[in-house]
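K.L.:
Here's a structure for you.
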Amino acid sequence: MKWALAIAAVLAAPALGLRTSARVERSASELPADGSASMSFHVQPRSLLGLSAPLLPSTHASLSLTPSIARASCGAGAHGPVCTVVAGTTPGEMRGTLRVEDALGLVTETPVELRLRADDSDTDKDGFPDAVELDSEDDRQAFRRWFVTLAAAQYPKPDPHWPEVHQDCAGLLRFAYKEALKAHGAGWRKGRELHTASAPDVRKYHYPAVPVLGDKLFRVAPGAHDAKGPLASAFSASASARWLLSANAVRIPSGRALPGDLLFFEDPEARGMSYHSMVYLGDLDGLGPEVVYHTGPDSRPGGSKGIVKRVLFKDLLSHPDEKWRPRDDNPHFVGFYRWKILD
């Protein structure tokens, strides 16, 4: 009898001038601008004339937010529509309207206000804010595929978007890293040899809209991230091979190297460039694992600007100059490393 009265009340609502058939419950009103945090709006039945009836299955919801610094989507939940908001990477205030309409045409419009806050926490004390680290396996794999593709593509002819002034061994790593974090749409592909590359993009954020860091991707200071300190003293748009090694990557055992990991060497006798870096590509063409690297400029008078080389890993192991052999018993080989945002 109680349910019959509730259904009758719902059916009578338009004639009675009652325009609200649902209430909205939210799980949060503030999120960290980290590219992955989320919250939900749950649409629940509203008590009508002292009675509560379930929402009709055809009840649906939509959510619009301005500015669009978060992604919103709505779908069916167990007891009614659910709208989910996933944070972007730009802090700020958002306003919008959650609109619910049921099968009777009854409409509920609820004002929405949300805030995305900058998240500077560095829980693992590795120097990078948690918001920058790629915490999903899909994003880590997307980054690896783009990083490897871009690094390998610089042989034999470097991309014209890679400034010549940055063309050295560390510059190759920085260029491929930065480009791998971009959105690779039609605008990015125009004029590039990589127009057929089909790897998915990193979803968490796209350079230069990187949480906390913006375009200053590379750490140039030791220690954990200090949220209260000036960003410019700890991060930069550029970094030498020494800083890439010591502050942007972590050492891994040689047998655990994956495509997109890094190799570092030290040559104390080199003039001004004692550290040298390479990218481990894995087996791209079925011929065996490869590495790609820029030889670096020759600092001697009349020296060359250097070139990009792509060689089989097994050939590097037998390099004529023993100091460039990636062997653990080679005192010049520093080891294999992995980007901190992947670790």
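The values are calculated or read from the model by the stated rules, or taken from the named source; none is laboratory data. Fair warning: this is a prediction, and the values are worked out from it, not measured in the lab. Neighbour counts run over all protein chains shown; Cβ positions are idealised from the backbone, glycine included. Heavy atoms of the whole protein, side chains included, go into the accessibility calculation; ligands, DNA and RNA do not. Shrake-Rupley method; radii C 1.70, N 1.55, O 1.52, S 1.80 Å.
K.L.:
What figure, in Å² to the nearest 10, do you get for the accessible area of F313 with a 1.4 Å probe and non-protein molecules left out?
P.N.:
Surface open to solvent at F313 totals about 40 Å².
K.L.:
Another one. Could you give the length gained by full extension between S304 and T84, i.e. 0.36 nm per residue of separation minus their alpha carbon distance, to one decimal place?
P.N.:
73.6 nm
K.L.:
Can I ask one more? Which one, R71, R251, R189, has the greatest fluctuation when you compute a Gaussian network model over the chain with C-alpha springs under 10 angstrom?
P.N.:
R189
K.L.:
Report the Cα centroid-to-centroid distance between segment 246-295 and segment 153-200 in angstrom, as an integer.
P.N.:
A separation of 18 Å, based on Cα centres.
K.L.:
Let me ask something else. Please give the length that would be gained between R242 and E269 if that part of the chain were fully extended, namely 0.36 nm times their separation in residues minus their C-alpha to C-alpha distance (nm, one decimal).
P.N.:
8.2 nm
K.L.:
To continue, here is another question. Express the accessible area of segment 139-294 per residue in Å², computed with a 1.4 Å probe while the remaining protein chains stay in the model.
P.N.:
Counting only protein heavy atoms, the per-residue value for segment 139-294 is 45 Å².
K.L.:
Here is a follow-up. By a straight-distance test (C-alpha under 21 Å), which lysines pair with K125 as possible cross-link partners, with residues fewer than eight away in the same chain excluded?
P.N.:
Cα-Cα hits under 21 Å: K204, K216, K228, K340.
K.L.:
So, one more: Suppose R0 equals 56 Å; then what is the FRET efficiency for H166 and D329 from their Cβ-Cβ distance, rounded to the nearest 0.05?
P.N.:
0.95
K.L.:
Using the Cα gyration tensor of segment 55-194, with a ≥ b ≥ c the square roots of its eigenvalues, what is the shape: rounded (a/c below 1.5), prolate (a/b larger than b/c) or oblate (neither)? Please list the in-between numbers first.
P.N.:
Working: a/c = 2.97, a/b = 2.26, b/c = 1.32.
Prolate, because a/c is 1.5 or more and a/b exceeds b/c.
K.L.:
Of D321, D120, D130, which has the largest mean-square fluctuation in a 10 Å C-alpha GNM of the chain?
P.N.:
D321
K.L.:
Also, I was wondering about something else. Determine the share of segment 144-239's accessible area contributed by carbon and sulfur atoms, expressed in whole percent, with a 1.4 angstrom probe.
P.N.:
Solvent-exposed carbon and sulfur of segment 144-239 make up 55 percent of the total.
K.L.:
Could you bin all the Cα-Cα distances of the chain into 10 Å bins starting at 0 and give me the percent of pairs in each, rounded to whole numbers?
P.N.:
Bin by bin from 0 Å, the calculated values are 5, 21, 24, 18, 12, 9, 6, 3, 1, 0.
K.L.:
Specify the residue with the greatest mean-square fluctuation among R192, R327, R144, computed from a Gaussian network of the chain linking alpha-carbon atoms under 10 Å apart.
P.N.:
Residue with maximal mean-square fluctuation among R192, R327, R144: R192.
K.L.:
Starting from the 7 Å offset along Cα-to-Cβ, what nm value, one decimal, do you get for the label separation of D159 and T295?
P.N.:
2.3
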